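**Student:** Sharing a structure, written as structure tokens. Questions coming.
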Amino acid sequence: MKPGRHHARAQNLWKDVSSSYWFRPGLIVIGGALLAFLAVWLDRRFGVDQEHQPWLFIGEASSSRSILRTVASAMITIASLTFSMTLVALTLASSQFGPRLLANFMRDRVNQTALGIFVGTFVYCLLVLRTVRADGDVAFVPHYATNIAIGLGVVGVLALLVYFHHVAQSIRADHVVTKIRYDYDLTVERVLVDVDEARSAPQGDELDLGKHPREVTAQRDGLLQTIESEQLLEALVSSDCRARLLRRPGDHVIEGEPIALVTESADDELVERVSKAFVWGSRRNTFQDLECSILRLVDVAVRALSAGTNDPQTAKRCLAELGGSLATVMRREFPSSIWCDEVGEARVEVLVADFEGLAATAFHEIRQYGAGQLSVLMYLIDVLGRLIALARTSEQRLVLFAHLELASQAAMEAVETDSDRKDLQRHLDAARSKADGGAAALRGGASD
């Protein structure tokens, strides 16, 4: 992760709010209520000229009431149907792809907007309906508002059609995998750096914190979601101290465990401020955690490989996206483990993810759960061969070669016939051929 103006707490709060089923629909309901008051005001202020606006609804109070009641009852019925279908979709998603992906489904803007339109239209009709009067001098028929209700009813029907299509699309495995990959690419852009930027980043050994540095301990159990880098650097600069972080986003911590060390001269106030720079939660998120999206892809692949699902094609699709994710990482550099203040003085030493750890997270579990499924293991071999050909450094090649050997061993153990053995050997030869070509390119680049 890179230090900077991340505003991690605000980002976490927004993720939690946007993942709820009340925020966006609630805003639309408020908008519906405001629209009702505005439409009624327009009716009271200007009225409807039937001669110049013949295309508008012009009717008695009873007709207006009938239209408003029909639209309101239809919208609340559709809202109930939408809510039921959403629960079914969430249940299917949880069982097929894992509970960690529920936040992605709940954060879906199309579903939230559709539900908001239905409920917002219902509230609009209720508020307009209460203004309709048919009694002598106080008679009032909100013609503009009634016509708007008709329009909202049509919009609601169109939203229902869009919702049906979108729900059917959202529970497809390909759609789920693509969305996870999109989230991962955003995390890579946020966390990793360009090669030129990495070369100019500050490097150094461990920061000197004194002989007896003070410990900063976790104030609660939970997952470390993000670190407020700006807040942390500000606290250290104000006290002229330094810190070494012992945890990184994605780690689970038990209350009382040390999470950081600060200069031995630090006072209690600084220790408290450093502690508050750590943002905790009940689940991992993708803001600063590179492994989060990779684990979600692995979850989908492992469930696809389970005996109850037995869907190797989905597992292969996940392997393809994992290969693309690691290729994206290989084109960039991991950030420096040293954070500096505005004048360039080293202030914080952090734990940084590495390529070896990401590759292990991506491939180990799938290889283990895919033991015995030769087609999946051969596809894993193909993906690794393609990645080795794209490797930019010798360290990346060594890591990927190690996974290729492990996958080869697992595939050999799954072979049952001579035909399978020949097929496997063909995949291995192709992967090693690509790897040799990548090695030659790497040596050529080094010599240049």
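The values are calculated or read from the model by the stated rules, or taken from the named source; none is laboratory data. What you see is a predicted model; the values in this text were computed from it and never measured. Cβ placement follows ideal geometry from the backbone for every residue including glycine, while neighbour counts extend to all protein chains displayed. Surface accessibility is based on the protein's heavy atoms, side chains included, excluding ligands, DNA and RNA. Shrake-Rupley method; radii C 1.70, N 1.55, O 1.52, S 1.80 Å.
**Student:** Picking from GLY308, GLY357, GLY370, which residue would you name as being of a type in the set (Gly, Ala, Ser), more than 22 Å from GLY250 (Cα to Cα) and open to solvent by 10 Å² or more (accessible area, probe 1.4 Å)?
**Tutor:** Working: GLY357 fails: more than 22 Å from GLY250 (Cα to Cα); GLY370 fails: open to solvent by 10 Å² or more (accessible area, probe 1.4 Å).
That would be GLY308, the only listed residue that is of a type in the set (Gly, Ala, Ser), more than 22 Å from GLY250 (Cα to Cα) and open to solvent by 10 Å² or more (accessible area, probe 1.4 Å).
**Student:** In region 134-156, which residues are among the β-branched types (Val, Ile, Thr), part of a helix (DSSP H, G or I) and more than 30 Å from the chain's Cα centre (by Cα)?
**Tutor:** Just the residues of region 134-156 that are among the β-branched types (Val, Ile, Thr), to begin with: 138, 141, 146, 148, 150, 154-155.
Subset that is part of a helix (DSSP H, G or I): 138, 146, 148, 150, 154-155.
Passing the criteria: VAL138, THR146, ILE148, ILE150, VAL154.
Here is a yes/no grid of residues against (1) among the aliphatic types (A, V, I, L, M); (2) part of a strand (DSSP E or B); (3) within 17 Å of ALA304 (Cα to Cα):
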residue: ARG347; (1), (2), (3): no, yes, no
residue: LEU351; (1), (2), (3): yes, no, no
residue: ALA360; (1), (2), (3): yes, no, no
residue: ARG367; (1), (2), (3): no, no, yes
residue: TYR379; (1), (2), (3): no, no, yes
residue: ASP382; (1), (2), (3): no, no, no
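**Student:** Could you check ALA315 against (1) part of a helix (DSSP H, G or I); (2) surrounded by fewer than 17 Cβ atoms within 10 Å (Cβ to Cβ) and say which number it fails?
**Tutor:** Among (1) part of a helix (DSSP H, G or I); (2) surrounded by fewer than 17 Cβ atoms within 10 Å (Cβ to Cβ), the lone unmet condition for ALA315 is (2).
**Student:** Residues ASP240, ASP251, ASP208: which one is without any contact (Cβ under 8 Å) to a residue 24 or more places away in the chain and of a type outside the set (Phe, Trp, Tyr)? Before you say what the answer is, go through the steps one by one.
**Tutor:** Working: ASP251 fails: without any contact (Cβ under 8 Å) to a residue 24 or more places away in the chain; ASP208 fails: without any contact (Cβ under 8 Å) to a residue 24 or more places away in the chain.
Testing whether each residue is without any contact (Cβ under 8 Å) to a residue 24 or more places away in the chain and of a type outside the set (Phe, Trp, Tyr) leaves just ASP240.
**Student:** So, in region 112-133, of the ones that are among the β-branched types (Val, Ile, Thr) and not in a helix (DSSP H, G or I), which residue ends up nearest to the chain's Cα centre (by Cα)?
**Tutor:** From region 112-133, those among the β-branched types (Val, Ile, Thr) are 113, 117, 119, 121, 123, 128, 131-132; that's our starting set.
Adding the requirement that they be not in a helix (DSSP H, G or I) leaves 131-132.
Working: THR131: 45, VAL132: 47 Å.
Only one residue tops the list, namely THR131.
**Student:** Is there a residue being open to solvent by less than 30 Å² (accessible area, probe 1.4 Å) and either over 30 Å from ILE180 (Cα atoms) or not in a helix (DSSP H, G or I) (or both) anywhere in region 87-99?
**Tutor:** Yes.
**Student:** Being modelled with pLDDT of 90 or more, surrounded by fewer than 13 Cβ atoms within 10 Å (Cβ to Cβ) and touching a helix residue (DSSP H, G or I) at 6+ places or on another chain (Cβ under 8 Å) is the requirement here; does GLU395 meet it?
**Tutor:** It is true that GLU395 is modelled with pLDDT of 90 or more, surrounded by fewer than 13 Cβ atoms within 10 Å (Cβ to Cβ) and touching a helix residue (DSSP H, G or I) at 6+ places or on another chain (Cβ under 8 Å).
**Student:** Something else: Would you check if GLY250 is out of contact with any strand residue (DSSP E or B) (no Cβ under 6 Å at 6 or more places or on another chain), under 17 Å from ARG220 (Cβ atoms) and open to solvent by less than 60 Å² (accessible area, probe 1.4 Å)? Lay out the reasoning, then the answer.
**Tutor:** Numbers: out of contact with any strand residue (DSSP E or B) (no Cβ under 6 Å at 6 or more places or on another chain): yes; under 17 Å from ARG220 (Cβ atoms): yes; open to solvent by less than 60 Å² (accessible area, probe 1.4 Å): yes.
Yes; evaluated as a whole, the condition is true for this residue.
**Student:** Does any residue in region 386-409 that is on the phi < 0 side of the Ramachandran plot come within less than 6 Å, Cβ to Cβ, of a residue that is not in a helix (DSSP H, G or I) six or more places away or on a different chain, and which pairs are these?
**Tutor:** Qualifying pairs under 6 Å: ARG397/ALA391.
**Student:** Related question: Looking only at region 167-184, filter to residues that are among the charged types (D, E, K, R) and part of a helix (DSSP H, G or I); which one of those is least open to solvent (accessible area, probe 1.4 Å)? Give the steps one after another, and end with the answer.
**Tutor:** Step one: list which residues in region 167-184 are among the charged types (D, E, K, R), which gives 172, 174, 179, 181, 183.
Still in the running and part of a helix (DSSP H, G or I): 174, 179, 181, 183.
Details: ASP174: 68, LYS179: 75, ARG181: 45, ASP183: 16 Å².
Checked region 167-184; the qualifying residue least open to solvent (accessible area, probe 1.4 Å) is ASP183.
**Student:** Mind checking which residues of region 336-350 are surrounded by 14 or more Cβ atoms within 10 Å (Cβ to Cβ) and either among the hydrophobic types (A, V, I, L, M, F, W, C) or farther than 17 Å from GLU206 by Cβ (or both)?
**Tutor:** Going through region 336-350, the residues surrounded by 14 or more Cβ atoms within 10 Å (Cβ to Cβ) turn out to be 336-341, 346-350.
Once the filter is applied, which keeps residues that are surrounded by 14 or more Cβ atoms within 10 Å (Cβ to Cβ) and either among the hydrophobic types (A, V, I, L, M, F, W, C) or farther than 17 Å from GLU206 by Cβ (or both), region 336-350 yields ILE338, TRP339, CYS340, ASP341, ALA346, VAL348, VAL350.
**Student:** While we're on this one: Considering only helices (runs of 4 or more DSSP H) fully contained in region 185-304, which possess at least 1 residues that are of a type outside the set (Val, Ile, Thr) and in contact with a helix residue (DSSP H, G or I) (Cβ under 9 Å, 6 or more places away or on another chain)?
**Tutor:** Values: elements: 195-199, 229-239, 268-276.
Of the helices (runs of 4 or more DSSP H) lying wholly inside region 185-304, those with at least 1 residues that are of a type outside the set (Val, Ile, Thr) and in contact with a helix residue (DSSP H, G or I) (Cβ under 9 Å, 6 or more places away or on another chain) span 229-239, 268-276.
**Student:** Within region 284-304, is even one residue among the aromatic types (Phe, Trp, Tyr), modelled with pLDDT under 90, within 19 Å of the chain's Cα centre (by Cα) and farther than 16 Å from LEU101 by Cβ? Walk me through it before giving the result.
**Tutor:** As a first pass, look at region 284-304 and keep what is among the aromatic types (Phe, Trp, Tyr): 287.
When the remaining residues are screened for being modelled with pLDDT under 90, the result is 287.
Keeping just the survivors that are within 19 Å of the chain's Cα centre (by Cα) gives 287.
After this cut, where a residue has to be farther than 16 Å from LEU101 by Cβ as well, the list is 287.
Yes, that holds for at least one residue.
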